[in-house]
Structures are given as C-alpha cells and as structure tokens.
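Participant: There's a structure below that I have some questions on.
The values are calculated or read from the model by the stated rules, or taken from the named source; none is laboratory data. All of these numbers come straight from a predicted model, not from anything done at the bench. Here the Cβ positions follow ideal geometry from the backbone for every residue, glycine too, while neighbour counts run over all protein chains shown.
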Amino acid sequence: MRFAVDTGGTFTDLVIDDGAGALRLFKAPTTPADPLDGLLDVFAVAATELGTSRADLLGSGSTLVYGTTRSINAVITGTTARTAFLTTDGHPDILLFREGGRPNPFDYTRAYPPPYVPRSLTFELPGRLDYAGAVVRELDEAALLDVVDRMRRVRVEAVGVCLLWSIVNPAHELRVADVLERELPGVPYTLSHELNPTLREYRRASSTCIDASLKPLMTEHLTQLEERVRAAGFGGTILMSTTNGGTQPVAVVARKPILSLNSGPAMAPVAGRYYAAADSRADTAIVADTGGTTFDVSVVRDGRIPRTRETWLGQQFIGHITGFPSVDVRSVGAGGGSIARVDAGGRLHVGPQSAGADPGPVCFGKGGVAATVTDACVVLGYLDADYFAGGDLRLDATAAEAAIREQVAEPLGIDVSAAAAAVLEVATELMVRAIEDVTLQQGIDPRSGVLVGGGGAAGLNAVAIARRLGCGEVVIPEVGAALSAAGALMSDLSADYAITHSASTARFDAEGVNAAIEQLRSRASEAYDLSAPGVRAELVAEARYPHQVWDIELPVAVERFTSDADVERLKADFHAAHRDLFAVDDRDSDVELLTWRLRVTRVVSDGTPARLASATDARREPRVRLAHFAGAGSVETPVVAFEDLVPDAERVGPLIVESPVTTVVVDPGATIARTASGSLRVVLADRMTTVEPQPGVSA
Amino acid sequence: MSTASEKPKVDGVRLAVLSNRLDGVVRSMMHTLLRTGRSGVINTARDFSCCILSGEDELLSAAEAAPLHVLVGPDLIVKRLREVHPELGRGDAFLHNSPYHGNSHAADHCILVPVVDDAGVHRFTVMAKAHQADCGNSLPTTYHMGARDVYEEGALLFDGVKVQADYRDNEDIIRMCRLRMRVPEQWYGDYLALLGAARVGERRMLELGAEVGWEELEEYVGEWFDYSEQLAVEAIRRLPSGRHRATSVHDPFPGIPDGLPVNVEVGIDADAALIEVDLRDNADCLECGLNVTEACAASAALLGVVNSIHEDLAINAGCFRRIRVRLRENCCVGIPVHPVSCSAATTNLADRVTNAVHRAMSEFGDGIGLAELGMALPASIGVVSGVDPRTGEPYVNELFLGVGGGGAGPHSDGWLTIAIPCSGGMILRDSVELDELRHPIRVETQRIVPDTEAAGRWCGSPGVLVEYGPVGASMSLLYAADAAVNPALGVRGGEAGPPAIHRRRLADGSLVDLQPVEELLLADGERVVAQYPGGGGYGPALERDPEAVRRDVREGWISADRAREVYGVALDPDGLVDRDATEALRRALGGSAGS
C-alpha cells in the first residue's frame, strides 16, 4: 500500500493506492499550528472509513510521499532562519539590485523590495576569479576568519555562499566551506556551485540564500515527520515530493530544502500528464488546479513536464527569484474566493484580492461581505446550496445573490444573472491569461491541447476556459480534487539527467557530444533499464543561435551523431522550432548547443490503471435545477452524480455533474462521458473559429 | 466624449476581457524580442518596447513598454507610413527610425506591421522598437552628443522603408545595413528579433479578429479609450486647479557650454478635467545631438504628469485626451526639423522635461508630484567597443550595470533601479558574469554609496558606485552624464540627490578625475569608477518616520551621525530609536531650519 499526503492551505489530502488497482481519497482540515497533526488526522479519517486502526493502516504502507507548503509559507511569513550572505568583495548588493525591472513603469507609490538577506547580514570576501576560473586574487583567509567572527557575534543561523565564477572554479567556495565547518560547527550553509551551477550571479545567489535559510527549519520539520509517522506505526520509505516534480528521500531534501518549495503543486502536472495520456489523444495537456485563492497552471507537451528557472516567490520583480530548476507551475490570484468589484470607470475586476477561507465567500455565512466567484456560482445555479462539500457546509444563496446584485449588477447596470456570469467570465479570462502566459513562454498553441482540471472548483469553469482557449476537450480525473497527491504516487515514473557540453554546428565535435550522451545514458541506466519495453528515453538539447542568451529545448532525433546529415538535421530542426516559436529563423546561421538532457519515462503498466474506489456516501438521485449559461440564459439543467456517468454512455449538456468533492458544469451542446480510467471527458460542441498561422519570414 | 460630466456607458466585461487579451499580445511580442535578440542591450537589458495601435493610429496597448518609446510617437509613425505608402497590405513590414517622423531617436529601430483582415482592411498596426547596440553613427555610440547635425551624427536613417513585402525581405536594404552597422551579424540577428516580435503580434491579432470579430473589436477600442479617459477625468478632478512653472537645468555639455535650462508650465483645470503642459518657452534647436524629437518631448511631458498623479490610470490615447502638450517647431524640446541632430533625444533634455514636470506638479500640493529622477547617461551604462582578445572578434554594446536614480514621491522612497528616467525602471540590468563572458571586461564593484541619499520625509535613492574596465586589451568607452553639476532636485522640502561622478583608476591604482562627457580609450588594467546619480527627496527630512531612519542605519544606507544630524533621529546603544532624544533633536533642528 502506498500513501501520498499533500498538506495544502485549507485541506490535507491523502490518496491511498492499495496496490490492487484501487485508489482512495481522503481529506482533513490542515492544522496550521502543527501541520503534522493534520497529517496524522487524515490517516485517522481514512482508518475510520476503511474500518481499521490508524496504526494498522500506517503499518501496511510501503511508501509515504509527503508534499507540503511548509517552506513556502516560511518564506512568505518571514520565519526562515537568520541567514548570512557571503559574496565576492565589491559585490555586496547583488540581492538588492537584482536584475532590475518593476511591475509598472508609472507607479511611484510602491516601496522598493528589500533583499532576501539584509545588507546587515551580508559579508564581502576578498578574492576573485575570472570568467575562465583563473585566480585574479586569492581568497583572503584572514578576512574570512574576521567575517566568521562577525557572523558569530550576530548569531547567524545559516549561511549562503555565492562567489563570482564559482561555477567554473569552486575552489574558493570549497575553502569557505572548510572554514565554516571548523569555525561555525552546526551552522548549516549552502554553496552556490553545488546547489545551482548556473550563470548569472543574482539568480544563483538568490537560490543559495533561500536554500540556506530553509535548512534549520526543514531539517527540524522532516526529522519530526519521520519520528511521528514512525511512532504512529509506519515502517516504509518516506519520500518528499519536490519542486522539480520528482520524489526524493527526506534526507536529501533536508540537505537541499529549496527542493521543497512548491512541493505540492509541482505534482499536479505529473498526474495531469497521466490522465491526459489515458483519456485523450492530444499531445498537449494544460493542467489547471483551482483552489480557493489561487489557480495553478502548467502545460505538459508531448509528455514532457514543463520546467523553468524563472520561478518567483511572490510577484515578479517584487518577490524573490528561486533561480532553481523547477516544474513550471504558475499561480495567479484567481479562485473560488476571489473578490469581484466594479471601479470608478465602470470596469469589472475579479481578484487578486481573495476572501480566502476565512471569512470566505458571502454564501459561507462566516462573515464575508465581499462578492466572490463562489457566490457568483451559487447565483448561476452551478453550486447546490445543500450539497457543497457533500452537504457539510450549507450555503446561503440569498446572501450570495444580494452581494452580487449590490456589488456587481447595480454598478454595471445589468441583471443579477448576467452579473454573476460576468464575474465568472472575468475569472475565466484571468485563468486563460495565466495559461497563455505559460503556453506563450513555450510557444505552444493551446488549441491543440486537452485541458485537465484539478482542484475541487475546477469543474465550474473548466469547459468555459477550454472554449476560450479554443481547445476542444476537457478531462476531469476522478482524483482531480486531490491532483497533487495523486501525482505524487505517479512521480517515480520519470527522471531527468543533464550534462553541460558546449558544441556548435559550425565545428561539430561528434565524438565529444556522443561521449556526453553516452555518459547521460549510463547514469540513467543505474535506475532504469533503458531497453525495457515501456521505458522511453528522450534526448533534448538546449540550443540557440550565436549571441542569443536564452535557449530553446530542442528534441534530438538521433541517439548518436554518426554523419554530417545528422548535424544538418539538428540544424534544420532548430530553424523550424525557432520559426514556430518566434515567427523567424536565421537559415544561414549555425546553432550552438549547451546542455544535453535525457528524460526517462517509464510508462504505467497498461494492465489495470489504479481507479478510485466507489464513494461510500449515499448516492443522490438525479434531479433538475435552473442554471444560467451565457448565451442561453436560464435553463432547466439535469444534475447527475459522478458515479452515474458510465463509459460509452454519452450525455449532452446542459448538465451538472456532482460528487462530494467537485462539481462539473457542462455547457449546452457539449458532450460528456466517463472514460475507462474513470475520468469525465467533455467534448466541446463548437471549436473556436481559427485562422491558419500566417507565413513568417525566412531569411 | 461629449462632456466630462456624463459617465460613458461601457461594457465592463468586454473591457476586462479584451484589454487582457491585447496586453497578452504585446507581452508575446516582448517575449519574442527578449528571447531571440543577439545584443545585450536587447536580450539582457530589455531596452525595447512593443505596442498595438488602433485603426485610427492611436496607442491602444503597450504593456511593459519603456514609456518614452511609446506614449507618443508610434501614432505619428503610422501616420507617416500612410503618407508614404497609401496602400498598406498584409505581408508588409516597415523599417523606421526617422527622428523627424515620429521616432524617438535614430538608435531605436522600429518594425511596423499592418494587421490587415481577410477583406484587405487595415485594422490595427503592431510595432516593435528596440535600441540597437550600434546604428552606424560616426562614433561607436548610439548617443552622439556632440554631433552638429544629422550628417556628423552619421546614423543610417529609414523613413517608412518597406523592408518586407509578402513576408519576404528586401535584400537590398539588408545589404545596405550590413555595410554600415558595426558587428553586422549582431545587427541582423536583432533585426530578425524585431521582425519576429512584430510578426508574432500580427499573428495573434489576426487570430483575435477572427475569433471576436473585427467590428466587435472596433467597438471595444472606442469603449476602452472612453473608459481610460474617464479614469483620467476622475483623477484630475481630485487635483487643485492652477498653474505652476518649473525649470530643470541641464549640465554644461558639448553644444551647451553653459548648460541649458528646460522650462515647463503646467496648468490644471480640475473642472474641465484637463492638464496642459507647455514646453514652448525653451531654446531653439541646438547645434549638437541633444535636441529632443517631437515624440520624446511629448512623451516626456506626459510621463511627468502620469508619474505625479499616483492613481490607477489606463495609459493610452484615451487617457491622453485629458493631457495636452504644447510644443513649438524648431525648439530643442519641441519639433526639430531636418537636419538637426536628435541623437540623444531619449535621455538628457527629455529627462529634464520629465523632471521639471514632476516639480511643477509637486507645487500643486502635498500628495502630488514626484522628486526629480537621477539622470543619464553615466559610464555605468556606457557604450563599450573594441576587439575581444580572446576571439579576435569586434564587439560593441551598451552596458547596463549598477543603476540608481529613483526620486521620492509622497508615498514611498525612490525606486532604486529606475536607471534612465524615460524607461520608467523597465530596463533590466546586466549580470556581471554574463558581461564578463561576452566582453573582455572585469566588473570590480557594484554597490550603493552610504550617506548619499537625498534626505526627505521620503528619500531619493542613493548613489550607486560601479567600477569596471578592460582585460587583456584596450577598450573604447563613451558616456555622457548629466547631473554631475545639477543633480536631481527634491520637492516640497526634500533634498537634492547625489551627483554623477567619474574617475579613472590608472594601472598603479591611483585615481584621476574624468569629465562628465568622455570618449575614452581605457588601457588594459585601467578602470572607470562611476557613481550613478540618485533621485531627489520628497518632503522635509525631519518628518521622516524615525523607524525608517533606524532601518536605514541598521542596513548601512546611512550612518548614525547622519541620522542624528540630518533626520534628527537618535538611536540608543542597541540601535533602537531613542524617542525622547529624537524629539529634542528634532525640536532643535526644526528651530534652526525654521520649520
């Protein structure tokens, strides 16, 4: 039996894979004071439902994958360790200056953001390397000892070390480590060349200091996790889901806690990829996870989990860049709790302010007064006031309608249904924009994709989002309400190996490149049998034209380069990819290749994909209620249970599908059916009108 | 709009949806330029802008753009295109940089593409504009301050030149450019990046038109402008009516040996919801490269106004219906005529226009206006060139190292990395490692300089020190820094910011002073040491929150002595504010300051 736990802001999710083909999904409230209480609670909830004891349930598990927002919360609330930043002499303000830029060129009301590590805890070390790693000035050990002394006096709890050009020659950083080990024993530190060997000192310094600042806290937290689940009866392997969409033993994460940032949401695309492959033929999956306050989106193309080095903790230019390779999951402030308002000019806004879980939407009756997206969904008839969260929370539909009427309908001069529809439409548009930001960055056309909806609120506008994007297909997995936890159970299925080896098509060094590829394959072979059926090893190169400084990920068509034709093919593929993304290519130019990656995927055995076991609560009878659809007005809409939809029996919208954990709204004309994997699959009636892409320019 | 009093009836939903869509189109263009550009000024510093113009050639959307690139100018350029090419067809692309026809300055190359629907109707125009690493000037700099006229300036000029028809290059033009631009491969790559950005914009606009319908889009455009105007109306109505003048004096420079005052007069009519900026009372065009183009003069004035209002505005042609700028032909901050040189039109005198407007606006009352921003162009963002001894290849590029310049406003301290006032802080900074990899240079230092900030209730950003120079070869460095003599002034009792300072560090380590304007050849091992100027302060220093002063001391922005002497804040041995001592100090200092 395998467990995946995801500690979110509101709920702690548990997904259990019984090893015999059945998944079970459980939820318990998150306990912010000590999140491990909530973790043990959700096992108690599961044990009760399964008719066993918590100790027996835990005792039967082989693996526990843990996901948590603990580290990101610590960063947001400023409760990380008192961290020092050691930098090259002359460059104390790397974290202060950043890479420049700001969100709005006309805004002079916003304070300049403070550096991740204050200047008062920043220390310069004399010593300098050049771009080739040659020593310009030796590290001044006396000065280093003086710095250590000053750090001791101000009781530093962690140290981030980022020296210029350590990625080419780590000698100075390693020497600093020796001295720290000796002089400040027990104070954790992070060396930039070890953590994140990447060019551009701000990004590297930022990831280094963030990592160091999390070390005391996460070491403590993960130690406690281990102690408490062991004490509660678990004897298996404890893994943590990581920011790059894989899992790692907790000891590894404790040494590199930056891996735990985004540890939950990074798993959503892993699950999304699985369901997209099982339920759709599209090669692009847009995975969207809708929570109460945020909407997390990622795009999986050709089965590849998207990655980025530009993740910001907080708003771009205002927060801090992690600078660390991670799954590209973007969050926008749009969710069920997002607040709707009309400004002085008569324009409707939705979010980013959120009513959160407390006081929450007006309809929750917990003191919320601002109209929210959830209130709009009640007005539209999408949410059943008596069956929200399986009936655990009764919604106040009258209050929701009053709020939408006063705060949106009247200022806009439209009726309350139209106002509610408008709120949802603007929320939809924000989500579409978040998706487009991701697809644009990668030059992906969302129309060729399938939208995979996760999170309890996904189904409310998943079909509307798909319609706006022009993609014809939506998949809502059975485990969609706990997509991240479900993803964690699948995450051992892929791995990513990288090696830096510069090459140019001008003087292609086939021997060197082939050796690099061979090295990648041999590293991958330690964990995977690359020749086994179902194992796919895909080679990609990070490529660019000379003098460009940003790369494109280019799939490499050959396993090794044996002829000039192979190189010509690589060039032609790059020109095509560049043209596809950016409308132009440079046919006469050579192509530079920097980093080579081998992505290994082990396809799930096609025998019996794990399925959600039937819900235990009483099945609700089909019913009808009035729901509002843009363009169709109020329509008598059949409401059916998730369980009532079976494979090969298509239903046509308008239709609302409910389960205790989710509601799916199907527009008039769209068709819906259950798939073999248990997901709901919606096919849109009318694809958007599209135009052929315009010809670009060829040089 | 007929009268200012009646609120337009708008479709608030459509506004929200489509304005996001158009911003998305512009961002996809910006993204293309950044990712594909070849020179550092484009692919790292992001010194470029993209925008969409309506069918009536009005600025519609310019998300993330540098203000001086787009506020006024793109509209004038499209009007010019229509004059010289009455038929604009699908597949056309135009190269334009003429400073006499709507462009900012010759170094900013623009690619414009008309968005033409299937019926052949020209619906919108998309434009991508990027500052070039080199534009063929007679000197290896894109800011030729001393040029007596356009001939001495030397840039290749393009006046609505059709560089593509039916999506194909006119190779003749490409060959001309290759012969004139330093490092032609880099130029060509940047040209492709500009073209790609414009074509991506065109592609996305065609998709949008097909999806939403062209008529519906046109309706939206009308509503969007009305809505944006309405926001401006409401904001201006909250301001007091009146007229104020201000003068910002440019330093002595080639062509203006005694410096040059830039005068503005700002009038606010709150009842009519109108703001007028008059730039006509200024010198005639100068015999140097400092003349400001029509586009930049108008944009700089508009920028000064919107920076000073501190309200949420939608910045586009609708907003500008409420802000009028008066310009005069043959004026150095007006409408220069050929063959006057406008090589530095985006920076020096334009900075002074924006700053003078900030100060005039500040006179209207507390809570309005902004201190002056630190001015360009010190050596920290100088143009370097030479031959890289590691490869034997020539290079030329504008660096963007440590920058400062933020002036304080009524709500916050100056934003540290504003850099060039006209960029609004949108330009990004270089990475030291990337610069050292790309060019044979070493950056020794980048840091803020303590105790240099303009004191105020809100402080200007401090001076920023940068030291760098060539490694293994000599290197040409051109820079021209204003604010060495006349630094950024504060407003409403705030102090002036630190000046630009330049020194040369010789191989033996000794320092010698440099002029604010230099064409240097630095020898191997020599360094330039430059202080980027800071912005001015807002309000009296004695009104600054003592807790902010305490933080400034703890963080090493100012010394405890300065806290006491300038801000009247006393700290106890633990570094906490000593309330009684502070009160006494402030009383004493306030008495002598007469406040």
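Participant: Tell me the residue from B:E363, B:E372 that is acidic (D, E) and buried (at least 24 other Cβ atoms within 10 Å of the Cβ), please. Show your work before the answer.
Facilitator: Values: B:E363 fails: buried (at least 24 other Cβ atoms within 10 Å of the Cβ).
Unique residue meeting the criteria: B:E372.
Participant: Within the group B:A193, B:A210, which residue is closer than 29 Å to B:R21 by Cβ, modelled with pLDDT of 95 or more and within 9 Å of chain A (Cβ to nearest Cβ)? Spell out the reasoning first.
Facilitator: Values: B:A210 fails: modelled with pLDDT of 95 or more.
Unique residue meeting the criteria: B:A193.
Participant: Filter the range A:526-560 down to the residues that are assigned to a loop (DSSP other than H, G, I, E, B) and among the acidic types (D, E), then identify the one that is farthest from the other protein chains (Cβ to nearest Cβ).
Facilitator: Within the range A:526-560, the first condition is being assigned to a loop (DSSP other than H, G, I, E, B), and the residues that meet it are A:526-534, A:545-551, A:556-560.
Still in the list and also among the acidic types (D, E): A:526, A:529, A:551, A:559.
Numbers: A:E526: 32, A:D529: 38, A:D551: 9, A:E559: 29 Å.
For the range A:526-560, the residue satisfying everything is A:D529.
Participant: Have a look at A:A334, A:A282 and point out the one that is more than 27 Å from A:P105 (Cα to Cα) and hydrophobic (A, V, I, L, M, F, W, C).
Facilitator: Working: A:A334 fails: more than 27 Å from A:P105 (Cα to Cα).
Just one listed residue meets the conditions, A:A282.
Participant: Oh, and also: Out of (1) under 15 Å from B:V432 (Cβ atoms); (2) facing chain B (nearest Cβ under 8 Å); (3) at pLDDT below 95, what's the single condition that is false for A:V168?
Facilitator: (2)
Participant: Only residues in the range A:81-107 that are facing chain B (nearest Cβ under 7 Å) count as the first member; pair them with residues that are hydroxyl-bearing (S, T, Y), Cβ under 7 angstrom, at least 6 apart or cross-chain, and list the lot.
Facilitator: A:G90/B:T445; A:P92/A:T122; A:F97/B:T417; A:E99/A:Y202; A:G100/B:T417
Participant: Further question on the same structure: Would you point out the residue of the range A:193-204, among those that are crowded, with 23+ Cβ neighbours inside 10 Å and more than 11 Å from chain B (Cβ to nearest Cβ), that is modelled with the lowest pLDDT?
Facilitator: The residue in question is A:N196.
Participant: Hey, another quick one. Scan the range A:578-594 for residues that are out of contact with any Ser or Thr (no Cβ under 6 Å at 6 or more places or on another chain) and more than 12 Å from chain B (Cβ to nearest Cβ) and jot them down. Steps first, answer last, please.
Facilitator: Of the residues in the range A:578-594, the ones out of contact with any Ser or Thr (no Cβ under 6 Å at 6 or more places or on another chain) are A:578-581, A:583-589, A:593.
Selection gives A:L593 alone.
Participant: Moving on. Pick from A:A276, A:A232, A:A282, A:A205: which is within 21 Å of A:G78 (Cα to Cα), in contact (Cβ under 8 Å) with a residue 24 or more places away in the chain and more than 16 Å from the chain's Cα centre (by Cα)?
Facilitator: Numbers: A:A276 fails: within 21 Å of A:G78 (Cα to Cα); A:A232 fails: within 21 Å of A:G78 (Cα to Cα); A:A282 fails: within 21 Å of A:G78 (Cα to Cα).
The match here is A:A205.
Participant: Given the structure, is B:A119 buried (at least 24 other Cβ atoms within 10 Å of the Cβ), in contact with a helix residue (DSSP H, G or I) (Cβ under 9 Å, 6 or more places away or on another chain), more than 12 Å from chain A (Cβ to nearest Cβ) and not in a helix (DSSP H, G or I)?
Facilitator: Details: buried (at least 24 other Cβ atoms within 10 Å of the Cβ): no; in contact with a helix residue (DSSP H, G or I) (Cβ under 9 Å, 6 or more places away or on another chain): yes; more than 12 Å from chain A (Cβ to nearest Cβ): yes; not in a helix (DSSP H, G or I): yes.
Taking the combined requirement at face value, the residue does not satisfy it.
Participant: Mind checking which strands (runs of 3 or more DSSP E) fall wholly inside the range B:502-595 and carry at least 3 residues that are surrounded by fewer than 13 Cβ atoms within 10 Å (Cβ to Cβ)?
Facilitator: Counting at least 3 such residues, we get B:511-513.
Participant: Of all residues in the range B:66-97, which are more than 14 Å from chain A (Cβ to nearest Cβ), touching a His at 6+ places or on another chain (Cβ under 9 Å) and closer than 16 Å to B:A128 by Cβ?
Facilitator: Hits for the range B:66-97 are B:I77, B:L81, B:H96, B:N97.
Participant: Run down B:D388, B:D351 and say which single residue is among the acidic types (D, E), surrounded by 24 or more Cβ atoms within 10 Å (Cβ to Cβ) and under 25 Å from B:T142 (Cβ atoms). Let's see the steps before the verdict.
Facilitator: Numbers: B:D388 fails: surrounded by 24 or more Cβ atoms within 10 Å (Cβ to Cβ).
The unique qualifying residue is B:D351.
Participant: May I ask you to verify whether A:T63 is polar (S, T, N, Q), in contact with a Phe, Trp or Tyr (Cβ under 8 Å, 6 or more places away or on another chain) and within 24 Å of B:V403 (Cα to Cα)? Explain how you work it out, then say what you get.
Facilitator: Numbers: polar (S, T, N, Q): yes; in contact with a Phe, Trp or Tyr (Cβ under 8 Å, 6 or more places away or on another chain): yes; within 24 Å of B:V403 (Cα to Cα): no.
Spelling it out, it is not the case that A:T63 is polar (S, T, N, Q), in contact with a Phe, Trp or Tyr (Cβ under 8 Å, 6 or more places away or on another chain) and within 24 Å of B:V403 (Cα to Cα).
Participant: Further question on the same structure: Residues of the range A:240-249 being surrounded by 22 or more Cβ atoms within 10 Å (Cβ to Cβ) and either touching a residue at least 60 places away in the same chain (Cβ under 8 Å) or of a type in the set (K, R) (or both), which ones?
Facilitator: Result: A:M240, A:S241, A:T243, A:G245, A:G246, A:T247.
Participant: Being assigned to a loop (DSSP other than H, G, I, E, B) and either within 20 Å of A:G449 (Cα to Cα) or at pLDDT 90 or above (or both): is that true of A:R281 here?
Facilitator: When the stated conditions are applied, A:R281 passes them.
Participant: For the range A:212-269, how many residues meet the condition of being at negative phi and in a loop (DSSP other than H, G, I, E, B)?
Facilitator: Narrowing the range A:212-269 to residues at negative phi: A:212-232, A:234-244, A:246-261, A:263-269.
Retained after the next criterion (residues that are in a loop (DSSP other than H, G, I, E, B)): A:232, A:234-236, A:242-244, A:246, A:256, A:261, A:263-264.
Adding up the residues that qualify gives 12.
Participant: Moving on. Picking from A:A506, A:A515, A:A485, A:A420, which residue would you name as being out of contact with any helix residue (DSSP H, G or I) (no Cβ under 7 Å at 6 or more places or on another chain), crowded, with 20+ Cβ neighbours inside 10 Å and either away from every other protein chain (no Cβ under 14 Å) or at pLDDT 90 or above (or both)? Write out each step before concluding.
Facilitator: Details: A:A506 fails: crowded, with 20+ Cβ neighbours inside 10 Å; A:A515 fails: crowded, with 20+ Cβ neighbours inside 10 Å; A:A420 fails: out of contact with any helix residue (DSSP H, G or I) (no Cβ under 7 Å at 6 or more places or on another chain).
Going through A:A506, A:A515, A:A485, A:A420 in turn, just one is out of contact with any helix residue (DSSP H, G or I) (no Cβ under 7 Å at 6 or more places or on another chain), crowded, with 20+ Cβ neighbours inside 10 Å and either away from every other protein chain (no Cβ under 14 Å) or at pLDDT 90 or above (or both): A:A485.
Participant: Going by the conditions given, is B:V221 in a helix (DSSP H, G or I), in contact with a Ser or Thr (Cβ under 6 Å, 6 or more places away or on another chain) and among the β-branched types (V, I, T)? Give the derivation first.
Facilitator: Numbers: in a helix (DSSP H, G or I): yes; in contact with a Ser or Thr (Cβ under 6 Å, 6 or more places away or on another chain): yes; among the β-branched types (V, I, T): yes.
Here the answer is yes, as B:V221 does meet what is asked.
Participant: If you go through the range A:1-56 one residue at a time, how many are of a type in the set (D, E, K, R) and either assigned to a strand (DSSP E or B) or under 21 Å from the mean Cα position of the chain (by Cα) (or both)? Give the derivation first.
Facilitator: Pass one, the range A:1-56, residues of a type in the set (D, E, K, R): A:2, A:6, A:13, A:17-18, A:24, A:27, A:34, A:37, A:41, A:49, A:54, A:56.
Applying the additional criterion that residues be either assigned to a strand (DSSP E or B) or under 21 Å from the mean Cα position of the chain (by Cα) (or both) yields A:2, A:6, A:13, A:17, A:24, A:27.
Result for the range A:1-56: 6.
Participant: Quick one: which residue in A:D41, A:D56 is more than 14 Å from chain B (Cβ to nearest Cβ) and surrounded by fewer than 17 Cβ atoms within 10 Å (Cβ to Cβ)? Can you show your working first?
Facilitator: On the way: A:D41 fails: surrounded by fewer than 17 Cβ atoms within 10 Å (Cβ to Cβ).
Residue meeting the stated conditions: A:D56.
Participant: Would you please list the contacts, defined by Cβ atoms under 6 Å and residues six or more apart or on different chains, that run from a residue in the range B:555-570 that is within 14 Å of another protein chain (Cβ to nearest Cβ) to a residue that is assigned to a helix (DSSP H, G or I)?
Facilitator: B:E555/A:R119; B:E555/A:S120; B:G556/A:R119; B:I558/B:D552; B:A560/B:V553
Participant: While we're looking at this one, here's another question. Restricting the range B:427-452 to residues that are among the aliphatic types (A, V, I, L, M) and either more than 7 Å from chain A (Cβ to nearest Cβ) or in a loop (DSSP other than H, G, I, E, B) (or both), which is nearest to B:I558 (Cα to Cα)? Don't jump to the end; show me each part of the working.
Facilitator: Just the residues of the range B:427-452 that are among the aliphatic types (A, V, I, L, M), to begin with: B:427-428, B:432, B:434, B:437, B:441, B:443, B:448-449.
Checking the rest, the ones that are also either more than 7 Å from chain A (Cβ to nearest Cβ) or in a loop (DSSP other than H, G, I, E, B) (or both) come to B:427, B:441, B:443, B:449.
Details: B:I427: 27, B:I441: 31, B:V443: 25, B:V449: 9 Å.
Per the stated criteria, the residue is B:V449.
Participant: Of the numbered conditions (1) assigned to a loop (DSSP other than H, G, I, E, B); (2) among the hydrophobic types (A, V, I, L, M, F, W, C); (3) within 35 Å of the chain's Cα centre (by Cα), A:L139 fails exactly one; give the number of that condition.
Facilitator: (3)
Every residue, every condition in (1) buried (at least 23 other Cβ atoms within 10 Å of the Cβ); (2) aromatic (F, W, Y); (3) away from every other protein chain (no Cβ under 11 Å), yes or no:
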| position | (1), (2), (3) |
| --- | --- |
| B:V384 | yes, no, yes |
| B:E393 | no, no, no |
| B:G402 | yes, no, no |
| B:A408 | yes, no, no |
| B:A419 | yes, no, no |
| B:G425 | yes, no, no |
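Participant: Hey, another quick one. Among the residues of the range A:115-162, what is the count of those that are touching a residue at least 60 places away in the same chain (Cβ under 8 Å), within 14 Å of chain B (Cβ to nearest Cβ) and touching a Phe, Trp or Tyr at 6+ places or on another chain (Cβ under 6 Å)?
Facilitator: 1
Participant: Going through the range B:147-172 one residue at a time, which ones are away from chain A (no Cβ under 13 Å) and either of a type in the set (A, V, I, L, M) or within 28 Å of B:T44 (Cβ to Cβ) (or both)?
Facilitator: Here is the first cut: in the range B:147-172, the residues away from chain A (no Cβ under 13 Å) are B:147-162, B:172.
Answer for the range B:147-172, where residues must be away from chain A (no Cβ under 13 Å) and either of a type in the set (A, V, I, L, M) or within 28 Å of B:T44 (Cβ to Cβ) (or both): B:A147, B:V150, B:E153, B:G154, B:A155, B:L156, B:L157, B:F158, B:V161.
Participant: Select from the range B:303-338 the residues that are among the aliphatic types (A, V, I, L, M) and within 14 Å of chain A (Cβ to nearest Cβ) and write down the one among them that is surrounded by the fewest Cβ atoms within 10 Å (Cβ to Cβ). Spell out the reasoning first.
Facilitator: Taking the range B:303-338 and keeping what is among the aliphatic types (A, V, I, L, M), we get B:303, B:305-306, B:309, B:313-315, B:317, B:323, B:325, B:327, B:333, B:335, B:337.
Within this subset, residues satisfying the condition of being within 14 Å of chain A (Cβ to nearest Cβ) are B:303, B:305-306, B:309, B:313-315, B:323.
Numbers: B:L303: 27, B:V305: 27, B:V306: 25, B:I309: 21, B:L313: 21, B:A314: 19, B:I315: 24, B:I323: 22.
Looking at the filtered set, the residue picked out is B:A314.
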